[in-house]
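One structure below.
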Amino acid sequence: MTDWLVGTVTDVRTETPTGRSLTITVDGWPGNLAGQHLDLRLTAPDGYQAVRSYSIASVGDGPAVQLAVDKITTGEVSPYLVDDVLPGDQLEVRGPLGRWFVWTPEDTRPIQLIAGGSGIVPLIAMARAHAASGSIVPFRLLYSVRSPQDRFFADEIAALESDLFRVDYVYTRSAPEGWATPPGRVTPERISAATIPVSETPGVFVCGPTGFVETVARALVDLGHEPQSVKTERFGGS
Amino acid sequence: MAVFSRGFGGRVRESTPDLPPGQFLTEDFPVLSAGPTPEIDTAEWEFTIRTETGASHSWDWDAFRALPSELVATDIHCVTRWSKLGTSWRGVSLDTLFEEVESSYDYVMAHSYGGYTTNLPLEDLLDGKAWIAYEFDGEDLDPEHGGPARLLIPHLYFWKSAKWVNGLVMMKDDEPGFWEQNGYHTYGDPWQEQRYW
């Protein structure tokens with residue numbers, strides 16, 4: 001297992017009203033696959049430490065690693081990362097971690113990505129890896145958010161959109177003006193209408209809050225996807 | 001020596017002697033699963049222990065539920081760094097399930113509906129250290145938490161407590177299970193922080 005590495009925050013961007021992305025430059029970062037995560041450690045002046053795991057939005061060789069964090073107001077790490085941390089600040093990371101929820105260009109199946117909220121983080125890494133690799137397998141993203149302002153990486157997702165990367169949004173609380181579908185949670189019907197069909201035997205990656213992932217994964221299996229082709233990552237309590 | 005993170009005070013200070021190193025407390029019950037939650041009908045549920053002789057010991061749901069059960073109050077620790085203290089479970093001790101099982105092997109592969117596996121030393125399953133649990137907080141175990149029944153091995157990181165368990169196969173050598181092939185430690189003691197390879 002690798003040791004803790006010192007990282008310096010080099011960029012912070014507001015992504016949503018409660019979330020932001022951080023770019024951390026980590027000397028010695030060995031690079032990571034799309035979908036992997038890392039452990040992040042903060043140390044207070046008196047030596048008290050807190051560690052959390054975060055998915056990585058960036059992909060490939062270091063030294064820059066990008067995370068995106070949604071604030072949990074009762075937490076002790078995410079409010080610091082969203083409200084307090086500034087370029088130049090130091091923290092520590094360890095990783096990359098996990099070899100299951102990953103996509104590499106050797107995977108030639110069509111890929112359906114389904115994200116809820118900040119669950120987009122490991123999936124944007126896959127979309128970036130797909131674009132960077134020149135892979136010609138079709139990707140499609142279904143992204144569920146409360147409202148348009150809650151989209152992480154909205155501009156980049158729009159820029160990545162192409163014939164090989166189709167994007168659909170589900171708005172659960174408020175939709176943009178003139179949006180065809182009224183706001184509402186993902187349903188099996190919406191999933192069926194806006195994802196790669198079972199007949200194309202896609203690989204599916206689902207990431208989001210527990211309830212979201214449970215709903216989506218169950219719908220996918222009911223639609224006929226093989227459970228083995230659906231990889232999930234859940235966060236938060238149930 | 002760790003670097004200090006400017007302005008980080010650790011507002012919550014989640015520290016108790018019951019918390020293993022690098023863990024934080026949660027009141028929630030997070031879910032970690034590699035894929036969809038399998039739907040398992042207890043009418044078709046079966047749990048089997050297989051040994052090197054080919055002998056198998058099986059229980060259907062009624063036979064399993066007819067075994068003596070224990071109420072287990074314990075702390076649980078997930079490798080993704082949350083811990084939940086004072087959880088309450090009901091299940092059947094592995095000591096009970098192994099009463100008639102004879103094996104000279106020292107390791108076990110646990111198998112689950114959905115294909116998940118995890119490896120364990122047999123001694124970690126016996127002497128009151130492990131259960132097949134079917135109730136949490138007095139209610140039937142929810143499918144997303146491993147219902148109808150899961151392993152409960154609270155002294156190891158919680159990925160060892162396989163959800164939807166349906167069998168144990170005795171092994172001569174310690175071979176890696178699912179997460180153990182995907183970057184996680186073969187044994188997983190939270191007090192030693194045995195998280196990753």
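Just so it is clear, none of the values below were taken in a lab; they were calculated from the coordinates. All of these numbers come straight from a predicted model, not from anything done at the bench. Neighbour counts are summed over all protein chains in view; Cβ atoms, including those assigned to glycine, are modelled from backbone coordinates with ideal geometry.
Key figures for this structure:
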| read-out | value |
| --- | --- |
| ³J(HN,Hα) computed for each position of the stretch A:226-235 - Karplus, 6.51 cos²θ - 1.76 cosθ + 1.60, integer Hz, glycine/proline x | 5, x, 5, 8, 10, 9, 10, 9, 10, 9 |
| If the convex hull is drawn through the Cα atoms of the stretch B:111-158, its volume per residue in Å³ | 85 |
| Simple label model, 7 Å out from Cα along Cβ direction - A:E200 to A:D11, nm | 3.0 |
| Where labels lie 7 Å past Cα in the beta-carbon direction, separation of A:A132 and A:R166 in nm | 2.7 |
| Separation in nanometres of the label points that stand 7 Å from Cα toward Cβ, at B:E99 and B:E46 | 2.2 |
| Other protein chain Cβ atoms within 10 Å, averaged over every residue that makes up A:30-39 | 1 |
| Where the Cα pairs of the stretch B:1-127 fall when distances are cut into 5 Å bins, in % | 2, 7, 12, 15, 18, 16, 10, 7, 5, 3, 3, 1, 0 |
| Protection proxy ranking, peptides A:31-40, B:65-74, A:114-123, average beta carbon neighbours within 10 Å, highest first | A:114-123, A:31-40, B:65-74 |
| Whole-angstrom Cα spans of the stretch B:38-197 along principal axes, big to small | 38, 38, 29 |
| For the stretch A:1-157, alpha-carbon Rg relative to the globular expectation (2.2 N^0.38 Å, N residues) | 1.03 |
| Directionally averaged shadow of the stretch A:5-97, computed from the convex hull of its alpha-carbon atoms, nm² | 5.6 |
| Evaluated over the protein assembly as shown, the Cα radius of gyration and Dmax, each in Å | 22.2, 70 |
| Per-pair calculated FRET efficiency, R0 = 30 Å: B:L19 and B:D127 via Cβ, rounded to 0.05 | 0.75 |
| The protein assembly as shown: antiparallel DSSP beta bridges as a percent of all, rounded to 5 | 70 |
| Percent of Cα-Cα distances greater than 21 Å, calculated over the stretch A:111-235 | 34 |
